[in-house]
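Novice: Here it is, the structure, as structure tokens.
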Amino acid sequence: MATESDNIRYLKGVGEKRAVLFGKLGIDTVGALLRFYPRSYEDWSVITPIKEARGLDAVCIKATVISEVKENYIRKNMVLYKFSVKDQSAIMSVTIFNNKYAAEKIRVGEEILLYGKLSTDSFYFDMSSPQIRPVGFDIIRPIYSTTNGLTSTAIEKAVKTALTSVRIDEFLPRSIIEKNNLCSRDFAIRNIHFPESAEALKEAKRRLVFEELFMLQSGLLLIKNVNRGITPAVMPNDFTKEFCSLLPFEITAAQKRCIKEAVLDMSASRPMNRLIQGDVGSGKTAVAMACCFNAVKNGYQAALMAPTEILAEQHFKTFSLVLQNTDINIALLTGSLTKKKKESLKAALESGGIDIVIGTHAILTDNVYFNKLGLVITDEQHRFGVKQRAALKEKGNAPHILVMSATPIPRTLALIMHGDLDVSIIDEYPKGRQPIDTYAVNTSYRERIYNFIKKHIAEGRQGYIVCPLVEEGEEESALVSAEQYFEELKGGPFADYTLGLLHGKMKPKDKDAVMRSFSAGEIDLLIATTVVEVGVDVPNAAIMVIENAERFGLSQLHQLRGRIGRGGYKSSCILISDSASAKDSRLSVMCQTMDGFEIADKDLILRGPGDFLGNRQHGLPELHIANLESDLAVLRSAGMQARELLDADPLLKSSENAAFKSMVEKLLYKSNAN
């Protein structure tokens, strides 16, 4: 008997050539084939009367043939075969395109089944190119996603072969199956592909959705437990009150809550592994600073890594200003330091003369050593790869880890995306932060927009114009090119102003030079691509125009908008798009709210989870059957039960959990290998 781990090419009827086609669909084993669930079904078991079928998706109609088949020659090698059928509700005309074999089987007076969609643009009832079967063909047939050279029927045949030759083993713990009243895995797999009935399909899907979400969340918790271990960096004393007294402003209740959660983690013998997630401008830096202050006061060093030199410098200035009257030593370590300064700084780090180091990837170099590193913080954590974050962690002896992100993640996805982290959310803005007026307009407003920008510049403010592309011809020519746009504005409407150009294809030192110049107020208007999405704060920037706004996701638009409104000036964001549908359904959301989490939730509904789950670096497997919008209740229940299971058996060592652990490890290993 075959096993689920067998290579797909050894399955009868597949072979090496067809195995390559299956590979394009991500199917490399028999097990992967069985987990390649149908995208939809043809339900021949439910009969719909002709009169009620118009306006519906494909339906099955049982009717009697009432006319002979007539041939209509359209052109050479193209024949239409027409006939009529009748049920108790109405008469319907049927057209078969160029299929003499099917037409010859039609007999007047015979009752048949027709599966298809009725025409909606005719006064009469019409169905073109239906599938036709004899009465009694009352099955629910699977329809699969396909690739060139591999039809749904071919996949269906391969699945049938697999189900006759493979033993489908159970791996969920018996207690979980009983608690949730789940059908067996064997029943679920067979009925998700070839349902015995609509009820059997429902039960199969319920089992497989729960299984997928339960496995995923259990796997993340297992990773967390394996990696946790013990840390010597126990920090029992809380110095938050002393830190707050140094601030020139009062922190929000949300910031206090996040600091409290992190400080509590740092007082334990298990290393902290926490995400601070806050909207743009919510005050994550103050939370990071409080954690660093607590670490140093407890006798440990702290390191903060930022994705760019200019962002690292900004953090350094902020930390230095707040902590200037304390005995805490802060240093900035970046690649642009002279060799002499680097060597001096590294020696001070190793001896313990530096308490907090803020820097870029330069912190990760082999010859950077710490005396007593107790806390590691990464800012904009999605900008760093898994290996980079791990390398920073290895600089100490199981230090506490804090990662920060300003990218709002839908609450429905946060349960999965950060299942290996404890999450703190800053869901409150600091006092005095003004909302940003946001407008969605078309290109006919361009001249008025330019005048609006000039008005801001005349008042001493600065602005951004964001384009989706770098150079013309990179994609559709209708999209605005940053380089071409820069030249047009420089030689035209903004000839009397100082303009800057910033895009991802520039050398890092050139990008830094432009941002420094913009920060210093030397550039009035910065023409940029999304490279400014995460960048240095420029309090004087008060206007942003985003070209071809329909090309961006809502969460990305919100990130871009967060570059303005950082000072005390009234700020405006203008979204330009000639796509009416995009403006109506998506861009209007941006005009209605400043809440990044609300925007992310809307983005999830409009675009689906692919954009959130597909572009991250967690190495998590994709979902095959669960839907994070419709299956939210299952996600929460599965997550709660996964936590209960892992609390009772942190490393899944018990005999009851052995098979489950093996499947979870295979799932996570394969996804991380891809």
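The values are calculated or read from the model by the stated rules, or taken from the named source; none is laboratory data. No experiment lies behind these values; they were computed from the predicted model shown. No Cβ is skipped: glycine too gets one built from the backbone with ideal geometry, and neighbour counts run over all protein chains shown.
Novice: Can you name the residue in the stretch 444-490 that is among the hydrophobic types (A, V, I, L, M, F, W, C) and over 16 Å from V545 (Cβ atoms) and, of all such residues, is modelled with the highest pLDDT? So that I can check it myself, show each step before the final result.
Specialist: Within the stretch 444-490, the first condition is being among the hydrophobic types (A, V, I, L, M, F, W, C), and the residues that meet it are 449, 452-453, 457-458, 465-467, 469-470, 478-480, 482, 486, 489.
Then drop every residue that is not over 16 Å from V545 (Cβ atoms), which leaves 458, 470, 478.
Numbers: A458: 95, V470: 56, A478: 53.
Looking at residues that are among the hydrophobic types (A, V, I, L, M, F, W, C) and over 16 Å from V545 (Cβ atoms), I get A458.
Novice: A follow-up question, please. Could you identify the single residue in L172, L163 that is under 22 Å from A198 (Cβ atoms) and either outside the structural domain of N72 (by TED's automatic domain parsing) or modelled with pLDDT under 95 (or both)?
Specialist: Being under 22 Å from A198 (Cβ atoms) and either outside the structural domain of N72 (by TED's automatic domain parsing) or modelled with pLDDT under 95 (or both) holds for just one of L172, L163, which is L163.
Novice: Quick check, is E203 of a type in the set (D, E, K, R), in contact with a helix residue (DSSP H, G or I) (Cβ under 8 Å, 6 or more places away or on another chain) and over 18 Å from V287 (Cα atoms)?
Specialist: yes
Novice: Can I ask one more? Among the residues in the stretch 151-158, are any within 30 Å of G639 (Cα to Cα) and either assigned to a loop (DSSP other than H, G, I, E, B) or not basic (K, R) (or both)?
Specialist: No, the stretch 151-158 contains no residue that is within 30 Å of G639 (Cα to Cα) and either assigned to a loop (DSSP other than H, G, I, E, B) or not basic (K, R) (or both).
Novice: For the stretch 226-246, what are the residues that are surrounded by fewer than 13 Cβ atoms within 10 Å (Cβ to Cβ), outside any helix (DSSP H, G or I) and more than 35 Å from the chain's Cα centre (by Cα)?
Specialist: Scanning the stretch 226-246 gives P236, N237.
Novice: Which residue pairs have Cβ atoms closer than 8 Å, lie 6 or more positions apart in sequence or on different chains, and pair a first residue in the stretch 495-521 that is farther than 15 Å from V532 by Cβ with a second residue that is assigned to a helix (DSSP H, G or I) and of a type outside the set (F, W, Y)?
Specialist: Correct list of pairs: Y497/K454; Y497/I457.
Novice: Residues being over 26 Å from P307 (Cβ atoms) and touching an Asp or Glu at 6+ places or on another chain (Cβ under 6 Å): count how many of those fall in the stretch 481-521.
Specialist: Number satisfying all stated conditions: 3.
Novice: Continuing with the same structure: Test each condition in (1) within 30 Å of V30 (Cβ to Cβ); (2) more than 33 Å from the chain's Cα centre (by Cα) for S128 and report the one that comes out false.
Specialist: The number of the failed condition is (1).
Novice: I've got another one for you. Which residue, of I96, I106, I61, I27, is in a loop (DSSP other than H, G, I, E, B), assigned by TED's automatic domain parsing to the domain that holds Y124 and surrounded by 15 or more Cβ atoms within 10 Å (Cβ to Cβ)?
Specialist: Values: I96 fails: in a loop (DSSP other than H, G, I, E, B); I61 fails: in a loop (DSSP other than H, G, I, E, B); I27 fails: assigned by TED's automatic domain parsing to the domain that holds Y124.
Residue meeting the stated conditions: I106.
Novice: Please go through the stretch 354-366 and give me each residue that is outside any strand (DSSP E or B), of a type outside the set (A, V, I, L, M, F, W, C) and modelled with pLDDT under 95, ordered by number.
Specialist: Correct list: T360, H361, T365, D366.
Novice: Quick check on this structure: which one of K455, K431 is surrounded by fewer than 16 Cβ atoms within 10 Å (Cβ to Cβ) and not assigned by TED's automatic domain parsing to the domain that holds R563? Write out each step before concluding.
Specialist: Details: K455 fails: not assigned by TED's automatic domain parsing to the domain that holds R563.
Being surrounded by fewer than 16 Cβ atoms within 10 Å (Cβ to Cβ) and not assigned by TED's automatic domain parsing to the domain that holds R563 holds for just one of K455, K431, which is K431.
Novice: Which one of L34, L56 is under 27 Å from A162 (Cβ atoms) and touching a strand residue (DSSP E or B) at 6+ places or on another chain (Cβ under 8 Å)?
Specialist: L34
Novice: Sticking with this structure for a sec: Tell me the residue from S344, S336 that is assigned by TED's automatic domain parsing to the domain that holds P399 and in a helix (DSSP H, G or I), please.
Specialist: Exactly one of S344, S336 is assigned by TED's automatic domain parsing to the domain that holds P399 and in a helix (DSSP H, G or I), namely S344.
Novice: Looking at this structure, is A288 surrounded by fewer than 19 Cβ atoms within 10 Å (Cβ to Cβ), in a helix (DSSP H, G or I) and touching a strand residue (DSSP E or B) at 6+ places or on another chain (Cβ under 9 Å)?
Specialist: No, not satisfied.
Novice: I would also like to ask the following. Look through the stretch 480-510, keep the residues that are outside any helix (DSSP H, G or I) and of a type in the set (G, A, S), and return whichever of them is surrounded by the most Cβ atoms within 10 Å (Cβ to Cβ).
Specialist: S481
Novice: May I pose another question? So, in the stretch 520-563, of the ones that are at pLDDT 85 or above and of a type in the set (D, E), which residue ends up surrounded by the fewest Cβ atoms within 10 Å (Cβ to Cβ)?
Specialist: Filtering the stretch 520-563 for residues that are at pLDDT 85 or above and of a type in the set (D, E), the one surrounded by the fewest Cβ atoms within 10 Å (Cβ to Cβ) comes out as E522.
Novice: Checking the structure you have, find out if any residue of the stretch 564-578 is at pLDDT below 90, surrounded by 17 or more Cβ atoms within 10 Å (Cβ to Cβ) and aromatic (F, W, Y).
Specialist: Yes; the residues of the stretch 564-578 include at least one that is at pLDDT below 90, surrounded by 17 or more Cβ atoms within 10 Å (Cβ to Cβ) and aromatic (F, W, Y).
Novice: While we're here: Output the residues belonging to the stretch 256-278 that are modelled with pLDDT under 95 and among the aliphatic types (A, V, I, L, M).
Specialist: Correct list: A268, M272, L275, I276.
Novice: Next question. Looking at L345, L337, which one is of a type in the set (A, V, I, L, M) and within 26 Å of A398 (Cβ to Cβ)?
Specialist: Result: L345 is the single residue among L345, L337 that is of a type in the set (A, V, I, L, M) and within 26 Å of A398 (Cβ to Cβ).
Novice: Same structure, new question: Just to verify a result, which residue in the stretch 159-186, among those that are in contact (Cβ under 8 Å) with a residue 40 or more places away in the chain, over 32 Å from the mean Cα position of the chain (by Cα) and assigned to a helix (DSSP H, G or I), is surrounded by the most Cβ atoms within 10 Å (Cβ to Cβ)?
Specialist: A162
Novice: Just to check your reading of the model, which residue among M272, M305 is buried (at least 24 other Cβ atoms within 10 Å of the Cβ), in contact with a His (Cβ under 7 Å, 6 or more places away or on another chain), in the same structural domain as V376 (by TED's automatic domain parsing) and hydrophobic (A, V, I, L, M, F, W, C)?
Specialist: The match here is M272.
Novice: Considering each residue of the stretch 64-91, count those that are among the aromatic types (F, W, Y) and either at pLDDT 90 or above or not in a strand (DSSP E or B) (or both), and give that number.
Specialist: Counting residues in the stretch 64-91 that are among the aromatic types (F, W, Y) and either at pLDDT 90 or above or not in a strand (DSSP E or B) (or both) gives 2.
Novice: Scanning for something of a type outside the set (G, A, S) and closer than 22 Å to L645 by Cα, does the stretch 239-260 turn up at least one residue?
Specialist: The answer is no; no qualifying residue exists.
Novice: Would you confirm whether any residue within the stretch 535-550 is part of a helix (DSSP H, G or I), farther than 27 Å from G568 by Cβ, free of Cβ contacts under 8 Å to residues at least 12 places away in the same chain and not hydrophobic (A, V, I, L, M, F, W, C)?
Specialist: No; the residues of the stretch 535-550 include none that is part of a helix (DSSP H, G or I), farther than 27 Å from G568 by Cβ, free of Cβ contacts under 8 Å to residues at least 12 places away in the same chain and not hydrophobic (A, V, I, L, M, F, W, C).
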